[in-house]
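**Student:** One structure, as C-alpha cells, below. Some questions next.
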Amino acid sequence: MKTIPYGHQWIDKNDIDKVAEVLESDWITQGPKVEEFESALCKYTGVKYAVAVSSGTAALHVACLAAGIKQGDEVVTSPITFVASANCVLYCGGIPIFADIREDTVNIDSKEIKKKINRNTKAIIPVHFAGHPCDLQEIKQIAEKYNLLVIEDASHALGAEYRNNKIGSCKYSNMTVFSFHPVKSITTGEGGAVLTNSEDLYKKLLIFRNHGIKREKTELIKKNEGPWYYEMQGLGFNYRLTDFQCALGISQLKKLEKFLKKRREIINIYNEELSNISNIILPVEKPYVRSSWHIYYIRLKDPDRRKNIFERLRKFNIRVQVHYIPVHLQPYYSNNLNYKAGDYPMAEKYYESTITLPLYPKMLDSEVRYVIDILKKELK
Ligand SMILES: *Cc1c(COP(=O)(O)O)cnc(C)c1O
C-alpha cells in the first residue's frame, strides 16, 4: 500500500484550467478574481463582507488588528488548536489566555471562558476543532455580557453549520476566519479569508491587508491633492491573495458540497467499523451542528499505548497525526508566558490519548478499509 496521508487536496483539470486562464490574462494579482472569490464566500455563508488574504494566519492577524487588540489586551482561546490561533494575539502585543476544553467535543468550554475574563479581556477566539462548531450561542452571551469581540477560528469549519446557520455567517460573532491550506475544506495553495457583517471592521480589514493604505480615492482627493493621492493610516502588511489563487478558490468552492459529502461517507464507515471496539473513544457530532469533518480523531482509553500504536500505523504507511500538542505546553509559551503542565488538565488528557486517522475526499474505499483493518489488529 502506498503512503496514505492524513489529509490531502483534491484538484482536478477544471481547477487547473481556471488558474491557467488567469495566468494568461492581464491580472495575476489584485485583479477581478479577488472580489469574485470574496462574493462567492459571502453568497455561500450568507455574510455581508469577505476579505481574502494570503493565509489563515494572516486572516487571524488582520482580524485581531481590526478588533483593536493591542499591548496588554487579553484574548481567550483554546489550548487544543494550531499555534496560529494564539500567535495572532502575540503579533498585536496582546496576551493569549487559554480556557480548557470540553471533554465531548474537544472545543473550548464556555464555563472555563468565564473564569478567565477580567478587565483586560478584549476578545474570544473560539476554534471549531475538527470542523465541529463551538457553543456559539453561549459564547455570544458571554461576549455581550462582558463587551468582548468574538473572532471564530473556522480554519477547520468551512461548510459546517451551527443551529442551521453556516459557519461564516457571523450570526454569533464579529468576524470569522477561514484557511485554504491544502488539508482544509477547500484550497488556494496558501490562503485565507476574514468574514464579517460590520462595514467598519470590513474597511479596517481592507486597510490592514494592504500596508495600512486607504483606497477610497474620492474621499481623499477632497484634501486638495490629485488623483495620485493615497494615505497610509495604520501599520498594515502585504497580505494580499493573488488572482490565480482566487480563481482556484472560486472553482474549489463549487465542489465544496461534494467534498463534504465524501468526508461524511468516510467518517460513516469509520464510525460503523470502529464503534464496537471497546478501548477507543470516537468523535461526536452534536444534534444541533453539521460538522465539516476536517479531521477524524480517535482517543485511546489507555494513553500508554498511544505512542506504540501511532508508530505501528506509520510502519504500515498510514500517516497518522496528532492534533494538537496543547499550545500552552509549547516552549515559547511556557518560557515567555509562564504556562506549565497541569494548567489545562482536560486539554492535556485529550492530547495524551489522541490519534488522527487519514480523512480526505479523495480517499479510496480500499484505503479506508486498509486503515480500519490495520487499526483493528493493532488495537487488539
Ligand atoms: C490551518 C490553521 C490555521 C492557519 O492557517 P494557515 O492557512 O495555515 O496559515 C489557523 N488555525 C487553525 C485551527 C488551523 O487549523
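What follows draws every value from the coordinates through simple rules; no lab data is involved. Everything quoted here is computed from the prediction, not taken from an experiment. Because the Cβ atoms are built from the backbone with ideal geometry, glycine has one as well, and the counts that use them run over all protein chains shown.
**Student:** I need to check one value: relative contact order of segment 113-175, counting alpha carbon pairs closer than 8 Å and at least 6 residues apart, in percent. Don't skip to the end; give the middle numbers.
**Tutor:** Working: 87 pairs, mean separation 22.2, N = 63.
The normalised contact order for segment 113-175 reaches 35 percent.
**Student:** On to the next question. Quickly work out the residue 211-to-residue 352 label distance, labels modelled 7 Å from Cα along the C-beta direction, and quote it in nm with one decimal.
**Tutor:** Between residue 352 and residue 211, the label points sit 5.2 nm apart.
**Student:** Contact order normalised by length for the chain, with contacts defined as Cα pairs under 8 Å and 6 or more residues apart; what percent is it? Present the calculation step by step, with values, prior to reporting the outcome.
**Tutor:** On the way: 799 pairs, mean separation 88.5, N = 380.
Dividing the mean separation by the residue count of the chain yields 23 percent.
**Student:** If you line up the long axis of helix 13-23 against the longest principal axis of the chain, both from Cα atoms, how many degrees apart are they, to the nearest 10?
**Tutor:** So the inclination is approximately 20 degrees.
**Student:** Which residues among segment 306-349 fall inside the zone where the amide N is under 16 Å from a point 7 Å beyond the Cα of residue 379, along Cα→Cβ?
**Tutor:** Under 16 Å, as judged by backbone N against the label point of residue 379, lie 306-314, 320-321 of segment 306-349.
**Student:** Then there's this: Points 7 angstrom from Cα along the Cβ direction at residue 14 and residue 340: gap in nanometres?
**Tutor:** Placing both labels 7 Å along Cα→Cβ, they lie 5.7 nm apart.
**Student:** For residue 29, project a label point 7 Å along Cα to C-beta. Then give me every residue of segment 223-265 with its amide nitrogen under 14 Å of that point.
**Tutor:** Under cut-off, by backbone N: 237-246.
**Student:** Turning to a different aspect of this structure: Mind checking the angle between helix 199-209 and the chain's longest principal axis? C-alpha axes, 0 to 90 degrees, to the nearest 10.
**Tutor:** 80
**Student:** Helix 32-45 versus the longest principal axis of the chain: what angle, 0 to 90°, nearest 10, using Cα atoms?
**Tutor:** 50
**Student:** Calculate the length of the line joining the C-alpha centroid of segment 51-76 to that of segment 175-214, in whole Å.
**Tutor:** 10
**Student:** Have a look at the DSSP beta bridges in segment 1-148 and tell me what percent are antiparallel, nearest 5. Don't skip to the answer; put the middle values down first.
**Tutor:** Numbers: 1 of 9 bridges.
Around 10 percent antiparallel, to the nearest 5.
**Student:** Under the 0.36 nm per residue contour assumption, what length would be gained going from the current alpha-carbon distance of residue 120 and residue 43 to full extension?
**Tutor:** Details: separation 77, 0.36 × 77 = 27.72 nm, distance 3.60 nm.
So the chain would gain 24.1 nm between residue 120 and residue 43.
**Student:** Taking the square root of 5 times each eigenvalue of the Cα gyration tensor, what semi-axes in Å does the equivalent ellipsoid of segment 109-259 have, largest first?
**Tutor:** Working: eigenvalues 186, 113, 29 Å².
For segment 109-259, the ellipsoid semi-axes come out as 30, 24, 12 Å.
**Student:** Tally the DSSP beta bridges in the chain and give the antiparallel ones as a percent, rounded to 5. Can you show the working numbers first?
**Tutor:** Numbers: 25 of 40 bridges.
Taking every DSSP beta bridge with both residues in the chain, the antiparallel ones total about 60 percent.
**Student:** Sort out for me the Cα centre separation of segment 242-273 from segment 318-350, rounded to whole Å.
**Tutor:** 29
**Student:** So, R0 is 51 Å and r is the distance between the beta-carbons of residue 314 and residue 141; what FRET efficiency does that work out to, to 0.05?
**Tutor:** On the way: r = 43 Å, r/R0 = 0.85.
With R0 = 51 Å, the Cβ-Cβ based efficiency is 0.70.
**Student:** I'd like to know which of 181, 287, 56 lies farthest towards the positive end of the charge dipole of the chain, counting +1 on Cβ of Lys and Arg and -1 on Cβ of Asp and Glu.
**Tutor:** Of the options given, the answer is 287.
**Student:** Could you compute the FRET efficiency for residue 36 and residue 276, with r as their C-beta to C-beta distance and R0 at 35 Å, rounded to 0.05?
**Tutor:** Details: r = 48 Å, r/R0 = 1.37.
Here the calculated transfer efficiency is 0.15.
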